[in-house]
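Let me begin by presenting the structure, written as structure tokens, before commenting on it.
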């Protein structure tokens, strides 16, 4: 099970790396054009989410690998669950239903990591 969890953790890190970089590096005009942002809205919340996603890429792998505060790995997985729930709510509000299976799958993978890694930490 440990090997499967490691594979899932790496997949989650890669999954959140790409949008995290995009949220930080794309211009406000690009976010507006993609429909992520309204023209009069601030880009700061998107940038903050991108930073948090990048920190999550580190938090899902490094603490468990290094053995330094390994409880941060399942906490990060729970945070990913929260991001996925928020994403599902937003996409439902926008009537973008084609994204829901992917978001739900990432939610399930994150929940698995959180559950099994919390179980390992508590032993």
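A few notes on this one:
- Taking first residues from region 65-91 that are more than 22 Å from residue 45 (Cβ to Cβ) and partners that are modelled with pLDDT of 95 or more and not in a helix (DSSP H, G or I), the Cβ contacts under 8 Å between residues at least 6 apart in sequence or on separate chains come to 73/60; 73/61; 77/60.
- Under the condition of being in contact with a helix residue (DSSP H, G or I) (Cβ under 9 Å, 6 or more places away or on another chain), part of a helix (DSSP H, G or I) and surrounded by fewer than 11 Cβ atoms within 10 Å (Cβ to Cβ), the residues counted in region 1-13 number 1.
- Matching residues in region 49-71 - criterion: being assigned to a helix (DSSP H, G or I) and surrounded by 19 or more Cβ atoms within 10 Å (Cβ to Cβ): 50, 53, 56, 57, 59, 63, 64
- No other residue among 89, 61 is over 12 Å from the mean Cα position of the chain (by Cα) and closer than 14 Å to residue 12 by Cβ apart from 61.
- Listed by first and then second residue, the pairs linking a residue in region 1-30 that is in contact (Cβ under 8 Å) with a residue 12 or more places away in the chain to a residue that is surrounded by fewer than 15 Cβ atoms within 10 Å (Cβ to Cβ), with Cβ atoms under 7 Å apart and 6 or more places separating them unless they lie on different chains, are 24/51.
The values are calculated or read from the model by the stated rules, or taken from the named source; none is laboratory data. None of these values were measured; they are calculated from a predicted model. Glycine also receives a Cβ, built like all others from the backbone with ideal geometry; neighbour counts cover every protein chain displayed.
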